[in-house]
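The values are calculated or read from the model by the stated rules, or taken from the named source; none is laboratory data. A quick note: this is a predicted structure, and the numbers were derived from the prediction, not measured. Reconstructed Cβ throughout: ideal geometry from the backbone, glycine too, with neighbour counts over all protein chains shown.
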Amino acid sequence: MALIWAINHNKLPIISESPSTHACLSSFLYYFAIQYSLHKLYRVFIYPHYISPLRDIPGPRDNQFLIGQFKRIVTASSPSDLFLKWSARWPDEPFIRYLGPLNQEVLLVNTPEAHKEVLMTHYDSFRKPKLFRHLVEDITGPGSLLFAEGDASRRYRKILSQPFSVSKLSVVFSVFQEKAELLAEQLDKNLDENGEGVFDMAKLNTKMGLDVAGLTLLGLELKNLNSDDPKYDFSKDYKRIFQPSKFSSVVSFINSSIPIRKFLPIDTSYLHAIARVRGGVTDCVHNRMRDIDETEARGEKYSTAALPNGGRDLLTLIIDERQNFKGSSDELSIQEMVDQLVTFLPAGHETIAGAMTWASYILAMNPVVQTKLRSEIASLLSSLPPGTVPSWNDIDRLTYLNNFCKEIVRLYPTATLSYREAKKDITICGRFLPKGSALLFVWAVPSQSKATWGPDADQVVPERWETLSGKAANPYAWQSFSSGPRFCIGKNYALMEMKAFLVTIVSKFRFVKSKEIEALEGNHPPYINPALTLWPKGGMMIGLQRI
């Protein structure tokens, strides 16, 4: 457009302004526009239907003009609903092909074998596509582990995997317990004279998750649970970002291809929410770095012992690692530090809070499961000396609790989907995929397949984990945290926080159906769709009774 304007306004001084030159440039632009249009027509109307080597892969054919299956996907009952139906229709196909906007071909990765081939065996032959990067890069920034490839990915994982190991997390497990106890106090003081009450567990779990993330990731007491004026009120901003309206979701999708947010004043509340989150994290990093610099300027050694979490947080560990590489090319920049922390903050509270919210719902709906879980927890607590808080090692031995948590994240994965793109021509499970092929992972697909998990795949059965057999025993049949070298390094963090929450809350309260759940008449609560995380639409009202 700038070139056309320059030509029309005679603003190209480096080029002769003779009529012949002007005519040549005009002709070039004219034929270029024709060629570009023909290319687009070919890619949209001819290639996917008559030329593509992927066109014989099974998949839905009831495409809508120009948008393929896009409208059906974003208006389905949940972010994974349509994909689960396709998987049930073609259970043994490694890939299911469907068309997106402008008839773009997308392959849904379907079977455990296909997941293994892409995520493990040939993981280095795939990368995160630009489309996915553009969808979330406004939030995470360009230096996030989420998009790092090759040496950069290995470098980030080496630094970031340490604080998320079980040994490191067991030291900060007390933070999970303290915040769960604080949540229990908030619940208890709001019960009526009969010891009963109804609470929006989605809202409360989000606040608890933020407080835990604040301490374990930033070393900050955010006080979302016990204050109406927290230091950094991320909860509303994260809700705006990760639970968007349909309009905002459509704007984000368009913006991933055409940066309309840069030029049009639309959906500004989304951008303001991102700016506040990134600004808050940036303040935390700069304040910590300033404290370190001022301490060292006095000739003293900086100590993290006085920090709220004793310096056992991700920010401290990143700074320590940064100091080890100071002056070298491996030194993390301030921008990279912020990008990593902004990436882990939602993973450290948004996704986990969602899992704990669904756990609350499942317990209210399944009193038998709830009774078994409470019995196991009570047995542990009664075996300890009075006033003793169970350690991580104590809780980690609770078999039914462990199975219940796995079952929750099997049915309600902490994230809904991810994308990959073939870096070269490759054959996976006997299927040829040309370079540039777009692959979609919907984590519920392998984890809820009846072909893999049996006819009760959509039911809560914690006991299934005691004797996994057949296809369900395949490690790639459970993909709630992905697999391979790029697996979710926050897996242990998520499961440990869930267990701390359940041990504390289940031992003190009984979960029962609220009138809001009763009004659904046995139907599942509606989901927010589209969304990157799995959340109930309109909150999750759960009845609680003091034990």
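Here are the numbers for the structure shown:
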quantity	calculated
Among the residues listed as Ala473, Ala444, the single one being within 23 Å of Gln243 (Cβ to Cβ) and either out of contact with any Lys or Arg (no Cβ under 8 Å at 6 or more places or on another chain) or acidic (Asp, Glu) (or both)	Ala444
Lone unmet requirement of (1) in a helix (DSSP H, G or I); (2) farther than 27 Å from Asp81 by Cβ for Glu407	(2)
Tabulated pairs, the range 355-382, first closer than 28 Å to Leu532 by Cβ, second of a type in the set (S, T, N, Q), C-beta under 8 angstrom, 6+ apart or interchain	Ala355/Thr414; Met356/Asn205; Thr357/Asn205; Ser360/Asn205; Leu363/Gln370; Ala364/Gln370; Ala364/Ser514
Count - residues of the range 526-547 that are surrounded by fewer than 22 Cβ atoms within 10 Å (Cβ to Cβ) and among the aromatic types (Phe, Trp, Tyr)	1
Residue check for Gly436: in a loop (DSSP other than H, G, I, E, B) and either surrounded by 19 or more Cβ atoms within 10 Å (Cβ to Cβ) or under 28 Å from the mean Cα position of the chain (by Cα) (or both)	yes
One residue from Ser480, Ser469, Ser507 being surrounded by fewer than 18 Cβ atoms within 10 Å (Cβ to Cβ), under 30 Å from Ser391 (Cα atoms) and hydroxyl-bearing (Ser, Thr, Tyr)	Ser507
Selection status of Leu225, in contact with an Asp or Glu (Cβ under 6 Å, 6 or more places away or on another chain), hydrophobic (A, V, I, L, M, F, W, C) and outside any strand (DSSP E or B)	yes
Residue list for the range 92-131, filter: more than 22 Å from Ile254 (Cβ to Cβ), outside any helix (DSSP H, G or I) and touching a residue at least 40 places away in the same chain (Cβ under 8 Å)	Asp92, Pro94, Phe95, Arg97, Leu107, Leu108, Val109, Asn110, Thr111, His122, Phe126, Arg127
Options Ser235, Ser269; residue that is small (Gly, Ala, Ser), surrounded by fewer than 16 Cβ atoms within 10 Å (Cβ to Cβ), in contact (Cβ under 8 Å) with a residue 24 or more places away in the chain and in a helix (DSSP H, G or I)	Ser269
Subset of the range 159-194 (residues that are in contact with a Gly (Cβ under 8 Å, 6 or more places away or on another chain) and either assigned to a helix (DSSP H, G or I) or modelled with pLDDT under 95 (or both))	Phe164, Leu187
Residue match in the range 120-142 (condition: of a type in the set (S, T, N, Q), at pLDDT below 95, in contact with a helix residue (DSSP H, G or I) (Cβ under 8 Å, 6 or more places away or on another chain) and surrounded by 18 or more Cβ atoms within 10 Å (Cβ to Cβ))	yes
Flag if Ala359 is closer than 18 Å to Glu497 by Cβ, of a type in the set (Gly, Ala, Ser) and under 27 Å from the mean Cα position of the chain (by Cα)	yes
Counted residues, the range 449-490 - those being under 22 Å from Ile352 (Cβ atoms), assigned to a loop (DSSP other than H, G, I, E, B) and not β-branched (Val, Ile, Thr)	9
Long-range neighbours under 8 Å by Cβ, at least six apart or interchain, first residue within 12 Å of Phe95 (Cβ to Cβ) within the range 417-436, second of a type in the set (S, T, N, Q) and part of a loop (DSSP other than H, G, I, E, B)	Ala422/Ser437; Cys429/Thr111
The lone exception for Glu117 - which of (1) surrounded by fewer than 21 Cβ atoms within 10 Å (Cβ to Cβ); (2) of a type in the set (Asp, Glu); (3) at pLDDT 95 or above it fails	(1)
Number of the condition not met by His39 [criteria: (1) at pLDDT 95 or above; (2) out of contact with any helix residue (DSSP H, G or I) (no Cβ under 6 Å at 6 or more places or on another chain)]	(1)
Residues of the range 510-525 satisfying the condition of being under 18 Å from Cys405 (Cα atoms) and surrounded by fewer than 22 Cβ atoms within 10 Å (Cβ to Cβ)	Arg510
Gly68 modelled with pLDDT of 95 or more, buried (at least 19 other Cβ atoms within 10 Å of the Cβ), more than 22 Å from Ile528 (Cα to Cα) and not β-branched (Val, Ile, Thr)	no
